[in-house]
Amino acid sequence: MKQLTDDDIIQMIGAEFSPDDTATKRVVRTQLHLSTRVPRENAPTPDHITIDLHMKTIEEAWQEIISAATSGAKSATIITGASGVLHELFPQWARESILSPHIIEFHPINNGSFAVRFHKNTQ
C-alpha cells in the first residue's frame, strides 16, 4: 500500500486546505486515523513460524503453508493434529507438489505436528 504524502492529504481534503506547519499535518493525520490505515514498513520475517491448522479447510491449510514457505522464514512447526486429512496430506504435499521445491527437509515432531526447514526465499 502506498504511503500517503502531504499532497495526497491535500487532495483528499480539498484544494483550499494548505497545511503550513508540522502541527497542522499531525492533527490532520490523527483526525483521518492515518496511523491505523497506512501500514508501516513491513516487519522483518521471523526465522521460525508456527502454523496451527486445526479447524482449517484443506484450501486454507494449503494457503497458509505456501505463504510460510515463500515468506522468507527459515523453518516452521506445522501443527496438523494427530488424525485427519491434513496430517495425511502434508507429507504428500511436501514431497510431491509445488511446495516441495521450497522445502529442504521435514520430519514429524510428534503425532500431530511436523518440523520443516525451508529453502531461502529468492524473491
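The values are calculated or read from the model by the stated rules, or taken from the named source; none is laboratory data. Just so it is clear, the structure is predicted and the values come from calculations on it, not from any experiment. Methodologically, a virtual Cβ is constructed for each residue, glycine included, from the backbone with ideal geometry; neighbour enumeration extends over all protein chains shown.
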Failed item, numbered, when Thr30 is tested on (1) in a loop (DSSP other than H, G, I, E, B); (2) at pLDDT 65 or above; (3) hydroxyl-bearing (Ser, Thr, Tyr): (1)
Residue list for the stretch 86-101, restricted to those being surrounded by fewer than 12 Cβ atoms within 10 Å (Cβ to Cβ) and more than 19 Å from His48 (Cα to Cα): Glu88, Gln92, Arg95, Glu96, Ile98
Within the stretch 15-27, can one find any residue that is within 30 Å of Ile65 (Cα to Cα), modelled with pLDDT under 70, exposed (fewer than 10 other Cβ atoms within 10 Å of the Cβ) and hydrophobic (A, V, I, L, M, F, W, C)? no
Quick one: in the stretch 35-64, of everything that is under 19 Å from Pro101 (Cβ atoms) and within 11 Å of the chain's Cα centre (by Cα), which residue is modelled with the lowest pLDDT? Thr45
Spans of strands (runs of 3 or more DSSP E) in the stretch 54-123 with at least 1 residues more than 28 Å from Pro44 (Cα to Cα) and free of Cβ contacts under 8 Å to residues at least 60 places away in the same chain: 103-110
Against the definition (more than 21 Å from Gln3 (Cβ to Cβ), among the polar types (S, T, N, Q) and at pLDDT 90 or above), how does Ser83 come out, yes or no? no
